[in-house]
Structures are given as C-alpha cells and as structure tokens.
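Structure first, then comments.
The values are calculated or read from the model by the stated rules, or taken from the named source; none is laboratory data. All values reported here derive from a predicted model rather than from experimental measurement. Neighbour counts run over all protein chains shown; Cβ positions are idealised from the backbone, glycine included. Note: areas computed on protein heavy atoms with side chains; ligands, DNA, RNA excluded. Shrake-Rupley method; radii C 1.70, N 1.55, O 1.52, S 1.80 Å.
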Amino acid sequence: MAAPRLKGSVLRTRLAFVEQHAGKEALERVLARLPAHQAESLRSILSANWYPFELGTQLDRAVVDELGGGRPEFFLRLGAESADRNLGGVHKVFIKSDPHRFLAQAPTIYSLYYDRGNRTYERTAEREGVLTTHEAETFSTADCLTVVGWHVRALELCGAQGVRIVEEECRAQGGPVCRYRVSWKSP
C-alpha cells in the first residue's frame, strides 16, 4: 500500500503563511532546514496534486522550529489562515450560516485534504458537537493544532462567536482517534 498523502493545497498554504508573515528570506530558511529533494518538491508544489504526508510533517517541523520558536501553538494561527485562504476561494461553497450545517460537511471536507481515514461530526447540543478523525494512518501534534485553528476560523466565517475547540483525544498522544469537542456562543 502506498504511503499516506495530503493535498498540495495544504502545503501551499503553509508556504504562503510563512512568506506572508515572515518574508521570502524566512521561507528560504524554512526550506533550508529540509533535505534538498524535499525543498525542491515544495518549490514546485501544485495545489491539486497529492503529496506524501511525511513531506507535510517535515515542513511543519521546519516551520515551527524556524518561526514558532519551537512552540507547536504556532499552528493554531496557521490553521486559521488556511481556513481564510481555502474557504475564501474554491471551497467557499462549504460556508453555511448554520455552524451545524457546516460541521456536518466534515467527511467531505476531510477527503479534500487527506487520502486516508475519515472525519465524522456528531451534534451533541444546540451549540456543540464532536468532530472525530478515524483511521488516519499518519498524524502529528502540529497537524491536529492546524485542524483546531482551521475549524475555529471556519466557524467564525459561518457567523459563530466565542468558538472553542478542545481536542479530547489525540492519536499523536496515544489515543485511538483524534476527537475535538466544538462549541460556540451564537451563530
């Protein structure tokens, strides 16, 4: 079986985030932290193509080491920026005025970015629900934080206020799934 992959759009968003917030020189420093063949792949990334998940993991590590001072929380910001870019463009169709309607699209949205595993959504209260990522063969703390930042911003784009997401279980921390409890104050 082939190695797990993610969409080039995920990688392009990370690269754009670095360049926008820290400049071209910082982007070059990030790429210099990677093996030459990985850096070269990232210089010519295509949004619609699939790439090894490991390339994303290595890029995440280089970004957090170079710009995030080694703090993984940096990826919350990156996730939010990614939501702005992706949901402001071709994926704008996913934005809904009802946060539950948006979150119910989690299985489809997940499949646009990852080629293994799946994500479900369960409504648990009027302004609360649970996102769960199942059977993902690859995972990382940085990727989970990006998911949190992405969903916080996506829900804000849907009109939700006071969005809070807590990762209750995490595969990167030894859990069987990644489970995120999502809540908000109002749409």
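Structure notes:
- Qualifying residue in the range 71-78 (condition: open to solvent by less than 80 Å² (accessible area, probe 1.4 Å) and touching a Lys or Arg at 6+ places or on another chain (Cβ under 6 Å)): no
- Every condition in (1) more than 28 Å from residue 2 (Cβ to Cβ); (2) touching a strand residue (DSSP E or B) at 6+ places or on another chain (Cβ under 9 Å); (3) of a type in the set (S, T, N, Q); (4) not in a strand (DSSP E or B) is met by residue 124 except one, and the failing one is (4).
- When the test is whether a residue is farther than 25 Å from residue 20 by Cβ, crowded, with 18+ Cβ neighbours inside 10 Å and within 14 Å of the chain's Cα centre (by Cα), residue 103 does not pass it.
- Long-range neighbours under 7 Å by Cβ, at least six apart or interchain, first residue over 16 Å from residue 10 (Cα atoms) within the range 23-44, second modelled with pLDDT of 95 or more and open to solvent by 70 Å² or more (accessible area, probe 1.4 Å): none
- Any chance residue 6 is surrounded by 21 or more Cβ atoms within 10 Å (Cβ to Cβ), at negative phi and touching a strand residue (DSSP E or B) at 6+ places or on another chain (Cβ under 8 Å): yes
One line per residue, one yes/no per condition, for (1) in contact with a Cys (Cβ under 8 Å, 6 or more places away or on another chain); (2) outside any strand (DSSP E or B); (3) small (Gly, Ala, Ser):
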| position | (1), (2), (3) |
| --- | --- |
| 81 | no, yes, no |
| 89 | no, yes, yes |
| 93 | no, yes, no |
| 97 | yes, yes, yes |
| 100 | no, yes, no |
| 116 | no, yes, no |
| 129 | no, no, yes |
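- Residue that is nearest to residue 89 (Cα to Cα), among those in the range 145-170 that are open to solvent by less than 40 Å² (accessible area, probe 1.4 Å) and part of a loop (DSSP other than H, G, I, E, B): 158
- Cross-chain or 6+ apart pairs with Cβ under 8 Å, the range 166-187 first and among the acidic types (Asp, Glu), then in a loop (DSSP other than H, G, I, E, B): 169/175; 169/176; 169/177
- If you filter the range 79-100 down to residues that are closer than 15 Å to residue 155 by Cα and aliphatic (A, V, I, L, M), you find that the one that is surrounded by the most Cβ atoms within 10 Å (Cβ to Cβ) is 83.
- Of the numbered criteria (1) among the hydroxyl-bearing types (Ser, Thr, Tyr); (2) in contact with a helix residue (DSSP H, G or I) (Cβ under 6 Å, 6 or more places away or on another chain); (3) open to solvent by less than 50 Å² (accessible area, probe 1.4 Å), the one residue 47 fails is (3).
- Qualifying residue in the range 8-26 (condition: at pLDDT 90 or above and either of a type in the set (Ser, Thr, Tyr) or assigned to a loop (DSSP other than H, G, I, E, B) (or both)): yes
- One residue from 124, 133, 120, 108 being farther than 18 Å from residue 60 by Cα, without any contact (Cβ under 8 Å) to a residue 60 or more places away in the chain and buried (at least 20 other Cβ atoms within 10 Å of the Cβ): 133
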